[in-house]
1. Quickly run through segment 448-460 and pick out the residues that are touching a helix residue (DSSP H, G or I) at 6+ places or on another chain (Cβ under 7 Å), crowded, with 21+ Cβ neighbours inside 10 Å and closer than 25 Å to ALA166 by Cα.
2. If we scan segment 262-284, do we find a residue that is outside any strand (DSSP E or B) and at positive phi?
3. Scan segment 680-728 for residues that are open to solvent by 10 Å² or more (accessible area, probe 1.4 Å) and in contact with a Cys (Cβ under 9 Å, 6 or more places away or on another chain) and jot them down.
4. Residue under question is THR477, and the condition is that it be under 30 Å from SER344 (Cβ atoms) and modelled with pLDDT of 95 or more; does it hold?
5. Working carefully through the options GLU91, GLU138, find the one that is more than 14 Å from PHE247 (Cα to Cα) and either open to solvent by less than 10 Å² (accessible area, probe 1.4 Å) or assigned to a helix (DSSP H, G or I) (or both).
6. Take LEU585 and decide whether it is assigned to a helix (DSSP H, G or I), open to solvent by less than 40 Å² (accessible area, probe 1.4 Å) and either over 26 Å from ASN653 (Cβ atoms) or in contact (Cβ under 8 Å) with a residue 60 or more places away in the chain (or both).
7. For segment 495-505, check the following and say yes or no: at least one residue is touching a Gly at 6+ places or on another chain (Cβ under 7 Å) and in a loop (DSSP other than H, G, I, E, B).
8. Which of the residues spanning segment 404-444 are among the small types (Gly, Ala, Ser) and surrounded by fewer than 18 Cβ atoms within 10 Å (Cβ to Cβ)?
Amino acid sequence: MKSLVFLLLVSTSIPLFSQKFSATEVNRFEQQAQQVTIIRDNWGIPHIYGKTDANTVFGLLYAQCEDDFKRVEMNYIEKLGRMAEIKGEAELYNDLQIRLLIDTTEAIADYNKAEPWLKKLLNAYADGINYYLYKHPEVKPALITRFKPWFPLLWTDGSIGAISTADATISELKNFYSGDKVTYTDAPKDPEMQTGSNGFAVSPSRTASGNAMLYINPHVTFYFRPEVQVVSQEGLNAYGAVTWGQFFVYQGFNPYCGWMHTSSAVDVADLYAEKIVKKGDKLFYEYDKQLKPVKEKKIAVRFLQGGQLQTKVFTTYFTHHGPVVAKRDDKWMSLKSFNRSMVSLIQSWKRTKAKGFDDFKKVMDLKANTSNNTVFADNKGNIAYWHGNYIPVRDKKLNWSKPVDGTTSATEWKGLHTVDETVHSYNPVNGWLQNCNSTPFTVAGINSPKKENYPAYMAPDGENFRGVNAARVLENTKDLTVDKLIAAGYDNYLSAFEVLVPALVKSFEKNVSTQDSLYVILAEPVVVLKNWDYRTSESSVPTTLAIEWAQKLGGEIQKIYIDEGEADQVTRTKKFAEVATPAQLLSPLVQTIKELKNKFGTWQKPWGEINRFQRISGEIQGKYDDAQESIPMGYASALWGMLPSYNSRTYPNTKKRYGVSGNSFICAVEFGPRIKAKSLLAGGESGDPASKHFKDQAEMYTKGQFKDVLFYKEDVLKNAEKTYHPGQ
C-alpha cells in the first residue's frame, strides 16, 4: 500500500498574523452589532436580544467567543480535518477520517443553494465571530483567522459524538492508508469515561402544579457547552445549552416546549464488504454481477513537525456506498453514512422555534437527526420520546451491526423510516418517560414500546444501570415540583453494586476461612461493603472501595453501547456475578486495598477525600494538582448506575481523582403559564480563569445546588451585571 501516499518535501511556517477585515466588512459588522443587545446576568449567562434571528445569531457567536474563543475555534479545526496542523502527526488519521466523511465542497455547495433565511443565519454566524476577532486583536487564533459562513454545514447537530463510522476505527483506517508494514491497534478507552445523557419527561398527573416537566441532563466533557438565551422579534426565544461554535440551542426549551437529546446505538451508518478487481492499473468493484470503477480522490493533510507544516497526500478510494475506511478478511470496507447535511442543520434550528408537540413532530418529520434520541415536554401537558430519527429502511433478515455484502443491490438502503415507524412513546399512562442511553423498551416502564414490533437495527440498545435506576426513581414519584424533579435526577444509588457486591461477599464468606492469609486483609473491607446501602456520598468509605475494586473487574461489565445481538451491561454483569471465580472477585479487592494504603496510608478513605472537583486552568486539556485547591465530590460515574454522572480519574502527577466529564449543563423546567426553571453548570460560564464566572458555580455543582433560570426579560434586567452591544 506504499503507493497510496507520498510526502511533499515543501514545508511552510505556521502563520503568525491575524486576518485583516475590509472596511466594508467592518461596517457590516458594526451595523449588525447595533441591532443586538447582550445582557449578562449575575452568573455571567448571556441573554442575547436581536431584532431578527440573524441579529441574535450574530450576538450569540460574539458572546461565545467572549467566553471561550479557543473552544469555538477548536471545534471547527476538528471538523475541517486540520487538527494535525496544530497537534502534530498523531492527529493525521483523525483528520483523514474527517476529510473522508465530511466534504467541505459539499458544505460550500449547500451554503450557495441555501434558502435566504438560512443563508442570513450562516452569514451572521461568521460575522459574529469575525467581528470578535476584529475587536480583539490580542486574541491569537491557533489556526483559523477568518471564519466562513459555510462552516456550520460541516457540523449540523450539536452532539459530542456526531460522527458515525459503523465501528470502523482510526487504527483500521491507518492500517489501510498508511502503507506501513506494522499493524496498528486503538488504545484502550477508560470505561469510566462514558459520555451520554439522562432525559426525563413528566406528565401533569405526576406534578404538584398539573404542568408537564422536563429534566435536561447531558453527560459530556466538562465545559463542552455554555448556557445561553437567544431572543428575537421573529419568534425565537430559546434557553439552554449550545455547543461551542454552533448557533442553535442544542438542549433546552422555549415558552412552549423543551427538548433533551440522548445518544443511542440506532444504526445510522453501515459497512459494505466490497469485492475489488484489478484490471491493468485500474481498480473496479463488483456490483450486481457487473464491474464498476473505484473512484480515486487525492486528499492532502497537513501536519506539524518540528515547528513546520508538512503535507501528506493520500490516494483515497470510494465506491458508490462511500469511502473505503478499512480492510477486513481481505475485503475492502466502504462506509455508507450521513454525517452532515443542510437538512440536519435546518432541523436543529427549527426545533428551537416549535410551539408544542404538533409543531415539534413536524420538525421531526425532516428525519435528518442522525445522532440523537429526543425526550420532550410541552405546555399543553404532552410528553414524548423518539428513539433516533434518521433511520434507513433495510432488509430485516440481515445483521446490520456487521459488514454487509457490497456486491448486490439487495443490501441497499430503501429510503427512510417515517417518524411513526420509529420507536416512540407519546403520553404514556404511567406519566413519565426516561432515557439514559439505554433501551427504549423500558422508556415508560410496563407501558414502553415492545421490542418485537421493531426491526433489530432500529434499537439495538440494551439496558444499563442508569436506566434501571431512573425507572425505579420515576415510578416512585408524585406531586413533583422543580426541586423534587432535581432531587430525583440526583438520586445517589449505585445500582450496579447491588449485583456485584453480594457476589463478592458470598465468594469471600464461602471460600476464605479465618485461617486464610486473605482473611486478615479482606475481612474488614468485606464487612464494610456488606453493610453498605449502595449510596454514594462524600463521607462514604464503601464507595471508594467499591469503585476502585469494580474498575479492575474487566471491560465486559463496563460496556454501555452495544451492537445488535449483544448482551447488555445489566445482563453481562449479572452473568459475571453468577460465574466469577474467587480469584476474579477477591484478587482485585486485595489489589485495591494495597493501592489505597500505598497512596494514602489507609484503605479507609472517604470518597470525597479522593474524588475531587478542580478547575485551575482555562486550557481545553485540563490540568490537575493535588497541591492546589479542590472541592470534595460525592458523585460517581454513570457506569455504576449514578444518575448525576461524575467521571473522574487520577493523573501521572496526582494521587487523587479529578472529574473530567459527566453532568455539565443540568436544567429542570416546568411548562406552566409562565416558565419556571432551575439550572446548573459545571464550574461556570466563562473559560477565562481571571473571570469571576470561571468557577462561581463550582461549589454549587458539587452539592447539586441549582440557580433560578432568568427566562423573562424583566427578571434578567433585575439581575443584570452588564448590558452592551457586541464590540462595546
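The values are calculated or read from the model by the stated rules, or taken from the named source; none is laboratory data. Keep in mind the model is a prediction, meaning the values are calculated, not measured. Cβ coordinates were reconstructed from backbone atoms using ideal geometry, including for glycine residues, and neighbour counts include every protein chain displayed. What goes into the accessible areas is simple: the full protein's heavy atoms, side chains included, and nothing from ligands, DNA or RNA. Shrake-Rupley method; radii C 1.70, N 1.55, O 1.52, S 1.80 Å.
1. Within segment 448-460, ALA459 is the sole residue that qualifies.
2. Looking through segment 262-284, at least one residue is outside any strand (DSSP E or B) and at positive phi.
3. The answer is PHE706, VAL709.
4. For THR477, the condition - under 30 Å from SER344 (Cβ atoms) and modelled with pLDDT of 95 or more - is not met.
5. Only one candidate qualifies: GLU91.
6. Against the criterion (assigned to a helix (DSSP H, G or I), open to solvent by less than 40 Å² (accessible area, probe 1.4 Å) and either over 26 Å from ASN653 (Cβ atoms) or in contact (Cβ under 8 Å) with a residue 60 or more places away in the chain (or both)), LEU585 qualifies.
7. yes
8. SER409, ALA410, GLY415
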